[in-house]
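Student: Dumping the structure here so I can ask a few things about it.
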Amino acid sequence: MTDVTLTDNEPVDVAPAEPARFFIDTNWYEGQGRSFRAMAQGRFCPACTAKVGSTVEDRVPVVEKKSNRVVFETRDVAYGDQPMAVIRGCCSKQRNYITPDTPLLEAVFRVFLATGNQPATIERIREQLGDWISPRDRPHNYAEELIATLLMHDRGYGLREFALVT
Ligand SMILES: [Zn+2]
């Protein structure tokens, strides 16, 4: 049996903080002169990649001036203009979207693309990675500390701590 010596630590008086949540800061891309859309489209599956830029019809709700009612209008849009919708609906469901060989930060980026960029805690990110990678295929078990360190040092994905502006 080991004896634990308690030291006289100063009492810490800190309100329990909410765990930090992260997201892709798409404004960061603008500041860098980079295109988030192109970055996200780079994660399309081959079938969707082939369709990028082609014109597709999209039904969009618009308010009709006269009646003040919402009606649907058909508009031509460029395929992949809303890359996260494409990824959520198709590419993230393809094999190889995220594999055990995907670099971890790239995998985290892909998780956010697939979830519509919902701000998420590290714990939640780990859970979501589990949708693609089974626990026994995790070389380093995706430790929370590892994910946190990678997120803090990200220079290429625009991953940021999500802060509510008060
Ligand atoms: Zn696809």
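Student: Out of residues 5 or more away from residue 21 or on other chains, whose amide H comes under 5 Å of its own, with H placed 1.01 Å from N in the peptide plane?
Tutor: Those qualifying (amide H under 5 Å, at least 5 residues apart or on another chain) are 162.
Student: Okay, moving on. In bins 10 Å wide, starting from 0, what share of all Cα pairs of the chain does each bin hold, as a percent?
Tutor: Pair shares across the bins are 8, 29, 27, 19, 10, 4, 2, 1, 0.
Student: Could you size up the charge dipole of the chain around its Cα centre, putting +1 on the beta carbon of Lys and Arg and -1 on that of Asp and Glu, and report it in debye to the nearest 20? Don't skip to the answer; put the middle values down first.
Tutor: Details: 20 positive and 23 negative charges, 248 e Å.
In total the dipole reaches around 1200 debye.
Student: Summing -39500 (n - 2.57) over the DSSP H runs of n ≥ 4 in the chain and dividing by its residue number, what mean residue ellipticity at 222 nm do you reach, to the nearest 500 deg cm²/dmol?
Tutor: Working: 7 runs with 53 residues, N = 166.
Dividing the helical sum by the residues of the chain leaves -8500 deg cm²/dmol.
Every number here is computed from the coordinates shown, using simple stated rules; none is lab data. These numbers were taken from a predicted model, which means no experiment stands behind them. Reconstructed Cβ throughout: ideal geometry from the backbone, glycine too, with neighbour counts over all protein chains shown.
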